[in-house]
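K.L.:
One structure, as structure tokens, below. Some questions next.
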Amino acid sequence: MKKHTYDYGLIGNCAFQAHIHLNTNISWMCWPRFDSSFIFGGLLDDEKGGEFSIMPPEVHVGNRQYYIENTNVLCTEVESGEGTYRITDFAPRFYQHDRYYKPLMLIRKIEPLSGTPRIKVVCKPKGDYGNISPRYHTGSNHIEYLGLERQVRLTTNIALSYIMEGNSVVLNETKYLVLTYGAPMEAALASTCENFLTKTVQYWQGWAKNMSVSSFHQSDIIRSALALKIHQYEDTGAIIAAGTTSLPEAPGSGRNWDYRYCWMRDSYYTLTAFNNIGHFEELEKYFNYIVNISAQQKERYQPLYTITGESRIEEIITDLKGYQGKEVPVRIGNQAYTHIQNDVYGQILASLLPLYVDKRFINSERSNSLKMVYELLYKIEALMDEPDAGLWEFRNLAQYHSYTYLFHWAGSNAAIKIGKVFEDENMVRLAEKLSKAASDKIEACYDRERGVYSQAIGTDNLDASNLQLIMMNYIDPSQEIAKKHLEVMEKDLRSAEGLFYRYKHKDDFGEPETTFLICAFWYVEALTCVGRMDEAMETFENLLGYSNHLGLLSEDVDASNGSMWGNFPQAYSHVGLVNAAYRISKKLDTPNFL
């Protein structure tokens, strides 16, 4: 079977994202929010998905894509028999008037590089997941698309007649295409686009420059961090798992999920990554998002919420063709919001710990939210003996998951530290009691005969999430028990290529066919923790080979041929890369290692 890759670049400005194929088409872009209907959705349907491409009218020689260094500004160079040209795609983002300017605006700059290339611009936006095809209306230098939720306008210095009639035009000077949602661009086109491009490049390069990163695979960490940054919906602080829906975990598997939401379980790792690279603004914004959810939550927390904290995320099946015209179902929404996933309370406590104990944050700013810490502890106490769906969200299997109890333990330990900072003895006592109770549950998962912690109480199945027992210091990495646990885990779940399966047992959809990239990065961290540094670095570098041509990572990888699958790019995978690299670099910087 031929290796499958996602030949897309990602741009964004923390208000929206766009997936741009190597063939210049905007194949996926949702407006006005990450979880809104697509404006362009060719990724999931080549007819109902519309199109926004800039290609030569004749057969072209080839394309190449790259980012302007240390930015989320994407360049696509197209070579045809008549010449070459470059498209620079970006979503404006820069600081202006004491705030970040991040409009619902996509700018495409097209400039000739050699010869006299011709281009054909196709711009056919859609609404309501392809069910609405807007009417077109032309102005003096723009095309207006009527019938969508808000005004969508394409402003350009290309002759409108050529675009409307589908004709090609000779590219003998730089041209601009500006697509806007709501407020149109009324300013001078060329000068405004160039000004926005300069400021956007400066913003991203300044953001990257302010990262705290060691020299170990620095460029890979920067690219992952840049990708992660545009997965945060800045208006509320929510961080989504991915910007796409229904890209299958394996071809024909039916494991096609909508990931355009904020998972509590992902947030701990994502915020740890931002913490590791020294970017705290994202962490504080997420804190505010959690506080708002906490204020409205009366009973239990859900595994996931919308980017505005809405709790209902009804899952529906559309009539779209699906990825590659066949990967169905195409889901909008995610039924997992109804699942019982009890690790979320500890996840939140562990995520927010730096805001309480890091001296760079002012404690008085957080003291009024100690009530939330108590509420989370009471939830852990009330749910200590309840089975749940686990972090992999089994739809028809409830167990007493070791991973859930690990986060009961980690969250309680975080509360102990918070209680000590604020001299709250009652909080410390309650958290210590819960930490002990969670530890007892984890120990009930220990298989003494094999020397490994199983997935849940009463089962022999192993689970890659239990690599976290080492990474989070539940098991002392220097002790033989940790080394044995890791050896049994890798023997059962590691592929010959150094990839890692989440688990091997059957679930609601059968046996998993692909490996999960985040698990492989957890494996790298576990190797590092137990001192197997050469293997850790070798595995890490091998995993970099599973990125696409731009260094972007998918959710899943087929171990048999290296194919990329799952939603893309996957924030979780980039989080894994950043945290694994940080763990290795920290160990390398330790004097007694050298």
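K.L.:
By the gyration tensor of its Cα atoms, with a ≥ b ≥ c the square roots of the eigenvalues, what is the shape of segment 528-594: rounded for a/c under 1.5, prolate for a/b over b/c, or oblate?
P.N.:
prolate
K.L.:
Starting from 0.36 nm per residue, how many nanometres of slack lie between Ser495 and Tyr378 once their C-alpha separation is accounted for?
P.N.:
38.1 nm
K.L.:
As a test of reading the structure, rank Glu194, Glu487 by solvent-accessible area (1.4 Å probe, protein chains only), most first.
P.N.:
If we order Glu194, Glu487 from most to least accessible, we get Glu487, Glu194.
K.L.:
If you don't mind, another one. Rounded to whole Å and ordered largest first, report the semi-axes of the equivalent ellipsoid of segment 405-557 derived from its Cα gyration tensor (root of 5λ). Present the calculation step by step, with values, prior to reporting the outcome.
P.N.:
Numbers: eigenvalues 180, 73, 49 Å².
Taking √(5λ) for each eigenvalue gives 30, 19, 16 Å, largest first.
K.L.:
Quick one: net charge of Gln302's neighbours, Cβ under 14 Å, K/R +1, D/E -1?
P.N.:
Within the 14 Å Cβ shell, the charges total -3.
K.L.:
Would you mind listing how long segment 112-208 runs along its three principal axes, going by Cα atoms, in whole Å with the largest first?
P.N.:
Sorted from largest, the Cα extents of segment 112-208 read 40, 36, 25 Å.
K.L.:
Find the all-direction average of the projected area of the Cα convex hull for segment 183-292, expressing the result in square nanometres with one decimal place.
P.N.:
10.3 nm²
K.L.:
Go through 461-467, 234-240 and give me the packing order, highest mean Cβ count within 10 Å leading. Kindly include the intermediate steps, with their values, before the conclusion.
P.N.:
Details: 461-467: 24.9, 234-240: 21.4.
The peptides rank, most packed first, as 461-467, 234-240.
K.L.:
Considering the convex hull of the alpha carbon atoms of the chain, report its projected area averaged over all viewing directions, in nm², one decimal.
P.N.:
Computing the convex hull of the Cα atoms and averaging its projections yields 26.9 nm².
K.L.:
A further question follows. Under Stokes-Einstein, with the Kirkwood radius over Cα pairs standing in for Rh, what whole-number D in µm²/s applies to segment 237-305 at 10 °C and 1.306 mPa s?
P.N.:
Values: Rh = 13.5 Å.
The Stokes-Einstein estimate is 117 µm²/s.
K.L.:
Another question, if that's okay. My understanding is that a pair violates if its Cα-Cα distance is over 32 Å; which of Lys441/Lys483; Lys109/Lys229; Lys285/Lys379; Lys298/Lys417; Lys371/Lys504; Lys48/Lys120 do that in this structure? The partial results should precede the final answer.
P.N.:
On the way: Lys441/Lys483 21 Å; Lys109/Lys229 23 Å; Lys285/Lys379 24 Å; Lys298/Lys417 26 Å; Lys371/Lys504 41 Å; Lys48/Lys120 20 Å.
Correct reply: Lys371/Lys504.
K.L.:
What shape does segment 374-493 take by its C-alpha gyration tensor, where a ≥ b ≥ c are the square roots of the eigenvalues and a/c under 1.5 counts as rounded, a/b above b/c as prolate, and the rest as oblate?
P.N.:
Note, shape of segment 374-493 comes out oblate.
K.L.:
Now for a different question. Quick one: Kirkwood hydrodynamic radius for segment 494-545, alpha-carbon pairs, angstrom, one decimal?
P.N.:
About 11.6 Å for segment 494-545.
K.L.:
While we're here: Once the other residues with Cβ under 14 Å from the Cβ of Tyr474 are scored (Lys, Arg +1; Asp, Glu -1), what is the net sum?
P.N.:
Charge balance near Tyr474 sits at -3.
K.L.:
Then there's this: Report the far tail of the P(r) of segment 124-266, meaning the percent of Cα-Cα pairs longer than 19 Å.
P.N.:
71 percent
K.L.:
Something else about it: Would you compute, from DSSP H runs of 4+ residues alone, the mean residue ellipticity of the chain at 222 nm, taking -39500 (n - 2.57) per run and dividing by the full residue count, rounded to the nearest 500?
P.N.:
Computed ellipticity for the chain at 222 nm equals -10500 deg cm²/dmol.
K.L.:
Can I ask one more? Cross-link partners among aspartates and glutamates for Lys2, C-alpha distance below 18 Å, same-chain residues fewer than 8 apart left out?
P.N.:
Glu249, Glu327, Glu497, Glu513, Asp556, Asp558
K.L.:
Still on this structure: Write down the Kirkwood hydrodynamic radius of segment 434-502, to one decimal in angstroms, obtained as one divided by the mean of 1/r over all alpha carbon pairs.
P.N.:
After inverting the pairwise mean of 1/r, the radius is 12.4 Å.
K.L.:
Beta carbons within 10 angstrom, averaged per residue: use that to sort the peptides 340-350, 323-333, highest first.
P.N.:
Numbers: 340-350: 26.0, 323-333: 17.4.
In decreasing order of mean packing, 340-350, 323-333 become 340-350, 323-333.
K.L.:
Evaluate the distance, in nm, between pseudo-label points positioned 7 Å from the Cα of Ala444 and of Phe422 along their respective Cα→Cβ axes.
P.N.:
For the pair Ala444/Phe422, the computed spacing is 3.0 nm.
K.L.:
I've got another one for you. How much net charge surrounds Glu69 when only other residues with a Cβ under 14 Å from its Cβ are counted (Lys, Arg +1; Asp, Glu -1)?
P.N.:
With Lys, Arg at +1 and Asp, Glu at -1, the neighbours total +1.
K.L.:
A follow-up question, please. Send over the per residue convex hull volume for segment 267-340, Cα only, as a whole number of Å³.
P.N.:
Given the Cα convex hull of segment 267-340, per-residue volume reads 129 Å³.
K.L.:
Something else now. I need the per residue convex hull volume for segment 363-432, using only the alpha carbons, in cubic angstrom as a whole number.
P.N.:
That works out to 93 Å³ per residue.
K.L.:
Using alpha-carbon pairs under 8 Å, 6+ residues apart, how would you state the relative contact order of segment 376-524 in percent?
P.N.:
18 percent
K.L.:
Here is a further query. Keeping all protein chains in the complex and leaving out DNA, RNA and ligands, what accessible area do you get for Lys420 with a 1.4 Å probe, in Å² to the nearest 10?
P.N.:
130 Å²
K.L.:
Taking 7 Å along the Cα-to-C-beta vector as the label spot, tell me the Lys298-Glu149 distance in nanometres, rounded to one decimal.
P.N.:
Output for this residue pair reads 2.8 nm.
K.L.:
Which three semi-axes in whole Å describe the equivalent ellipsoid of segment 293-416, each the square root of 5 times a Cα gyration tensor eigenvalue, listed largest first?
P.N.:
Working: eigenvalues 203, 67, 34 Å².
Whole-Å semi-axes of the equivalent ellipsoid: 32, 18, 13.
K.L.:
What FRET efficiency comes out for Asp319 versus Arg395 if R0 is 30 angstrom and r is the Cβ-Cβ distance? Round to the nearest 0.05.
P.N.:
My answer for the efficiency is 0.85.
K.L.:
Could you work out, for segment 1-66, what percent of all Cα-Cα pairs fall into each 10 Å distance bin, beginning at 0 Å and stopping at the bin that holds the largest distance?
P.N.:
Pairs per bin, as whole percents: 20, 46, 28, 6.
K.L.:
5 Å is the cut-off here: which amide hydrogens, built 1.01 Å from N in the peptide plane, fall below it relative to Asp447, excluding neighbours closer than 5 in sequence?
P.N.:
Hits under the 5 Å cutoff: Val452, Tyr453, Ser454.
K.L.:
Let me ask something else. Report, to one decimal in Å, the Kirkwood hydrodynamic radius for segment 28-176 based on all distinct Cα pairs.
P.N.:
Value: 16.6 Å, from the Cα pair sum.
K.L.:
Taking the Cβ-Cβ separation of Arg135 and Ala188 as r and a Förster radius of 30 Å, what is the calculated FRET efficiency to the nearest 0.05?
P.N.:
E(calc), rounded to 0.05, equals 0.60.
The values are calculated or read from the model by the stated rules, or taken from the named source; none is laboratory data. Just so you know, these numbers come straight off a predicted model, no measurement behind them. Reconstructed Cβ throughout: ideal geometry from the backbone, glycine too, with neighbour counts over all protein chains shown. Note: accessible area is taken over every heavy atom of the protein model, side chains too, but ligands, DNA and RNA are not part of it. Shrake-Rupley method; radii C 1.70, N 1.55, O 1.52, S 1.80 Å.
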